[in-house]
Amino acid sequence: MTTMQRLFLFFLLPAIAMLSYPPTVLFSGAGVLVIAIGLFVGLGFLMSRGRLLALTFSIFLQGLNVIIRVMMFWSNGFSNQGIPNYPFIITSLLGLFLSLWLLMRLDQQDIRNRMYR
């Protein structure tokens, strides 16, 4: 696994998957945003050092993100009158599919084997 692939799989893509919300939602909680980014940097650092517990926690977070996004999709994606909230729908689907892909990718055996090296 190249350094660029590790950077994407362990640092960048998990943070994007978890934090893909419309800008109005993200910037209303800037303090939480800083803490979440710090959490993902620390988690990515531990995974790049070969800590299997960090990998398990990252897989757990991605699975939880998929469940939360599915539960929030219909209640926040459309108003009571049926008007779609396009920024929320687009970012929610992006985060959902990215988390689902990461969930499947991080759980493969080649990732676990390369973490020992």
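The values are calculated or read from the model by the stated rules, or taken from the named source; none is laboratory data. Quantities reported herein were computed from a predicted structural model and do not represent experimental measurements. No Cβ is skipped: glycine too gets one built from the backbone with ideal geometry, and neighbour counts run over all protein chains shown. The area values use the complete protein model at the heavy-atom level, side chains included, leaving out ligands, DNA and RNA. Shrake-Rupley method; radii C 1.70, N 1.55, O 1.52, S 1.80 Å.
So S99 fits all but one of (1) over 28 Å from T3 (Cβ atoms); (2) hydroxyl-bearing (S, T, Y); (3) open to solvent by less than 50 Å² (accessible area, probe 1.4 Å); what number is the exception?
Tallying (1) over 28 Å from T3 (Cβ atoms); (2) hydroxyl-bearing (S, T, Y); (3) open to solvent by less than 50 Å² (accessible area, probe 1.4 Å), S99 fails exactly one: (1).
Take R49 and tell me if it is under 21 Å from Q5 (Cβ atoms), open to solvent by 40 Å² or more (accessible area, probe 1.4 Å) and touching a residue at least 24 places away in the same chain (Cβ under 8 Å).
Details: under 21 Å from Q5 (Cβ atoms): yes; open to solvent by 40 Å² or more (accessible area, probe 1.4 Å): yes; touching a residue at least 24 places away in the same chain (Cβ under 8 Å): no.
Answer is no for this residue.
Could you tell me whether region 27-46 includes any residue that is in contact (Cβ under 8 Å) with a residue 60 or more places away in the chain, open to solvent by less than 70 Å² (accessible area, probe 1.4 Å) and assigned to a helix (DSSP H, G or I)? Steps first, answer last, please.
From region 27-46, those in contact (Cβ under 8 Å) with a residue 60 or more places away in the chain are none; that's our starting set.
No - not one qualifying residue is present in region 27-46.
Of the numbered conditions (1) over 12 Å from the mean Cα position of the chain (by Cα); (2) on the phi < 0 side of the Ramachandran plot, G63 satisfies every one except a single condition; which is it?
Only one criterion in (1) over 12 Å from the mean Cα position of the chain (by Cα); (2) on the phi < 0 side of the Ramachandran plot is unmet by G63, namely (1).
Go through (1) in contact with a strand residue (DSSP E or B) (Cβ under 7 Å, 6 or more places away or on another chain); (2) surrounded by fewer than 14 Cβ atoms within 10 Å (Cβ to Cβ) one by one and return the number of the condition G77 breaks.
Every listed condition holds for G77 apart from (2).
Taking I16 and the conditions (1) closer than 20 Å to R114 by Cα; (2) open to solvent by 40 Å² or more (accessible area, probe 1.4 Å); (3) touching a residue at least 24 places away in the same chain (Cβ under 8 Å); (4) assigned to a helix (DSSP H, G or I), which numbered condition does it fall short on, given that it satisfies the others?
(1)
Which pairs do you get when a residue that is over 14 Å from A17 (Cα atoms), found in region 52-70, comes within reach of a residue that is surrounded by fewer than 15 Cβ atoms within 10 Å (Cβ to Cβ), reach meaning Cβ atoms under 8 angstrom, with the pair 6+ apart or on two chains?
Going by the 8 Å Cβ cut-off, the qualifying pairs are L52/R112; L55/R112.
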